[in-house]
1. Taking only the stretch 234-253 into account, find how many residues are within 23 Å of residue 190 (Cβ to Cβ) and modelled with pLDDT of 90 or more.
2. Could you list, ordered by first residue, the pairs with Cβ atoms under 6 Å in which the first is in the stretch 252-268 and under 13 Å from residue 299 (Cα atoms) and in the same structural domain as residue 215 (by TED's automatic domain parsing) and the second is surrounded by fewer than 16 Cβ atoms within 10 Å (Cβ to Cβ) and at pLDDT 95 or above, at least 6 apart or interchain?
3. Considering the stretch 183-200 alone, what residues qualify as being outside any loop (DSSP other than H, G, I, E, B) and either out of contact with any helix residue (DSSP H, G or I) (no Cβ under 7 Å at 6 or more places or on another chain) or more than 13 Å from residue 227 (Cβ to Cβ) (or both)?
4. Given the conditions (1) modelled with pLDDT of 90 or more; (2) over 20 Å from the mean Cα position of the chain (by Cα), report the number of the one that residue 174 does not fulfil.
5. For the stretch 208-245, which residues satisfy the criterion of being on the phi > 0 side of the Ramachandran plot and in a loop (DSSP other than H, G, I, E, B)?
6. Filter the stretch 68-98 down to the residues that are part of a loop (DSSP other than H, G, I, E, B) and either at pLDDT below 70 or surrounded by 14 or more Cβ atoms within 10 Å (Cβ to Cβ) (or both) and list them by number.
7. So which of 231, 286 ends up being closer than 21 Å to residue 185 by Cβ, in contact with a strand residue (DSSP E or B) (Cβ under 8 Å, 6 or more places away or on another chain) and modelled with pLDDT of 85 or more?
């Protein structure tokens, strides 16, 4: 068993990489690519040991697709760089890193590291390449971040089909590769049409994901709600990005919308639906247990649909014309079910 004398060392990530590279300068390789590959492997082995403390040569060999003999040679190189790594045999044997060894983490606080972790976990949900390795490095740099199961980000809705989970990633890849998207789209009026679009940006707004893109059919920028995009195909055709203005109103809402001062009375049973869309400051708790919402909102089909979706658990108190619209639609619905 070999343990370097200066085992209680705290270094920073940059110094670690430099040490590995300098120590490897005497090694001979068939190509510069081989040297880079080995440097990356040594660095990853160090990260794994920082996270786990110990690992077997067989595990590392399987992960990197090399022989155990190669792994043991790597350990010798790491030891020569000053990394306090050692091996032993028998029960509990394997490759170990001394517990007192750590990477300098003084530049970032615990709160900042947690914020970084949340951002990386969000990135992981987009299936961004190599993000798993980034999480491992986070765990090595910030020991408390190694247990990163406290947050999970999933962009797909409850009960979604497996294909829905790929939609976000497919759109992201088309955007990064600057490839034209072809898809069917249903707007807020229920009209379905085929679209060719040049994807520019993914936007999370109004509790939903949207795609900001240049629509070739409309010859203008449009904002498409992802849940209404169907049969998405990424074409081989590429495009040059255009300088687009700020996202305009969504394709799901047509025409210029007027604002309406609304007062709704909700029963407590649908309070969860109320909190899904509106801030506490707009909601009043009444003495009879009901709730009143007073807000200025854009009037349109989305508003009528939202009110109707709550059935008998909501009453439109103001304005009168919205109350009449809802009443008329409910009467039409009743006619459908009359026996």
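The values are calculated or read from the model by the stated rules, or taken from the named source; none is laboratory data. Source: prediction; values computed, not measured. For neighbour counting, all protein chains shown are included, and Cβ atoms are generated from backbone atoms with ideal geometry for every residue, glycine included.
1. 0
2. Matching pairs, first to second residue: none at all.
3. Residues satisfying the conditions are 183, 184, 192, 193, 194, 195, 196, 197, 198, 199, 200.
4. (2)
5. 219 - this is the single residue of the stretch 208-245 that is on the phi > 0 side of the Ramachandran plot and in a loop (DSSP other than H, G, I, E, B).
6. Passing the criteria: 82, 83, 84, 92, 98.
7. None of the others qualify; the one that does is 231.
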